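J.: Right, I'll just put the structure down here and ask away after.
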Amino acid sequence: MSSDIAGRFAPGGTVTEANHPYSDDDDSLNEAEVNGNWTPQEKALHEARLKAKAKRRLRKSSSRNSTSESFSESGEVAGGDPHSPKGKVNTNDRKSRTGKGRGLPKKGGAGGKGVWGAAGMVYEDEEPDIHDPNYDESYQGDTVYETVVPEIDEKELEKMVNPIVQEYFEHGDTKEVQMLLKELNLGQHKYEFSSLAVSLSLEGKASHRELTSRLLSDLSGKMLSQSEMGRAFDKMLKELPDLILDTPDAPQMLGQFIARAIADHVLHMSFLDCYKGKVDCEHARVALDRAAVLLSMKREMVRLDNVWGVGGGLRPVKHLIKEMNLLLKEYLISGDVSEAEHCLRDLEVPHFHHELVYEAVVMVLESKGDTATHMMMKLLQSFWKTGLITVDQMNRGFQRVYDELPEISLDVPHAHSIMETFVDLCYQESVITKQLRDACPSRGRKRFVSEGDGGMIKT
């Protein structure tokens, strides 16, 4: 045995042979040792070890064969780094990295991150998961977007409503008011719109109160219910002590509003009955009594249309002419210029003041004596100085009389001479201009004087 070991390290031998314990010579040596010295158990254990080593040799040889297929003809590794550990081809390659298999992509190209799937693969619709972090409700199905308007608080309500009501007093279009109110989210303060509109109209003209009554009638049932209207007027009754400070006639006016609202079915017929014997405020009792009196007087009328009169240009022309005639006749009886001025302002028809001038001049032509002449001159002079009648309306009224003077002369033979006298008087008092005086027509024919004048022609 010593001779065999010496032979293994002889000069003719190599170190390489000593470093390979699994050579064929070693196998024959091991077999000799087992046959000579080892027990049967050691012999079986050693044989099992030899079989395991043989299997490991077989696996290593098969893996070398599979990796050799990926080499190109030039001897380089295809698509990889030859110095990479464990013989990696490419970290981004989807082929097997263990060196086993046929070198095809994993799962037929359908696996891995960011992969759409295998060719020809059809995906079914998946229901979105609500618990998904990327879930967005706005992208699921048909999304309807609505503008959410925040509810207006009580402080902003007056700022928003006042311009709407003031503009309504100018144009009088209730439909535009409804459109503007729909854009606002009044919420639980909706009923306060009615009380604000009535409060603003109390400080305005009669035509404004008429427009407010019409607005409440049009809004009733569409945007405001009878109960909401009732809350609005109940609030107005409680605020009467403060309203009187700015509008002394507020109780009477509010009573007229209540009567008109009941007649227009804006308020329930039993609205007044709810307050009988339950009102402590003196001003509120005045308003309720005023409403009760108007309803009892106008019981046969369906609507109290004339509770505020008819405002301005909404009146018929015949009605305005009748009102102006009545105004002038009352002035000739009383001689109160301030009352006549107040009545003319209440008509609210500055564009129709030329009719007053026309009617005044015609009354002078048809009157007897100089009393009417001087009184009408005084009235026109007052209107001229206060600016109630403009120069345009004054000229237009006189010009209408000039144009109709021939027809007036049929009923009033001395119309020309009376007209000339009145025009000269008005010019002297600076009521009309010189141009208007010169435009006054004169009698176009010459007449003879009496026979006692010697047959001379009077120029």
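J.: Go through region 392-409 residue by residue and tally those that are open to solvent by less than 70 Å² (accessible area, probe 1.4 Å) and not polar (S, T, N, Q).
T.: So the count comes out to 9.
J.: For region 329-338, enumerate the residues that are among the hydrophobic types (A, V, I, L, M, F, W, C) and farther than 17 Å from T386 by Cβ.
T.: Scanning region 329-338 gives L332, I333.
J.: I would also like to ask the following. Output the number of residues of region 254-272 satisfying the condition of being of a type outside the set (K, R), open to solvent by less than 10 Å² (accessible area, probe 1.4 Å) and part of a helix (DSSP H, G or I).
T.: 7
J.: Please pick out the residue among V266, V279 that is assigned by the TED database to the domain that holds E167 and in contact with a strand residue (DSSP E or B) (Cβ under 6 Å, 6 or more places away or on another chain).
T.: Just a single option satisfies the conditions, and that option is V266.
J.: Here is a further query. Quick one: which residue in K385, K378 is over 12 Å from C440 (Cβ atoms), in a helix (DSSP H, G or I), touching a residue at least 12 places away in the same chain (Cβ under 8 Å) and charged (D, E, K, R)?
T.: Exactly one residue qualifies, and that residue is K378.
J.: Restricting to helices (runs of 4 or more DSSP H) lying wholly in region 136-239: which have 2 or more residues that are open to solvent by 60 Å² or more (accessible area, probe 1.4 Å) and closer than 27 Å to S270 by Cβ?
T.: On the way: elements: 154-171, 174-182, 192-202, 206-219, 226-238.
By residue number, 226-238.
J.: Which of (1) outside any helix (DSSP H, G or I); (2) within 19 Å of C440 (Cα to Cα); (3) of a type in the set (D, E, K, R) is the odd one out, the single condition K368 does not satisfy?
T.: (2)
J.: A further question follows. I need the full set of residues from region 382-391 which are aromatic (F, W, Y) and open to solvent by 60 Å² or more (accessible area, probe 1.4 Å), in order please.
T.: W384 - this is the single residue of region 382-391 that is aromatic (F, W, Y) and open to solvent by 60 Å² or more (accessible area, probe 1.4 Å).
J.: Next up: Taking D173 as meeting all but one of (1) closer than 20 Å to K222 by Cα; (2) under 16 Å from the mean Cα position of the chain (by Cα), write down the number of the exception.
T.: (2)
The values are calculated or read from the model by the stated rules, or taken from the named source; none is laboratory data. Worth saying up front: this structure is predicted, and the values here are computed from it rather than measured. Here Cβ is always computed from backbone atoms with ideal geometry, including for glycine, and neighbour counts include all displayed protein chains. In case anyone asks, the SASA skips ligands and DNA or RNA and just uses the protein heavy atoms, side chains included. Shrake-Rupley method; radii C 1.70, N 1.55, O 1.52, S 1.80 Å.
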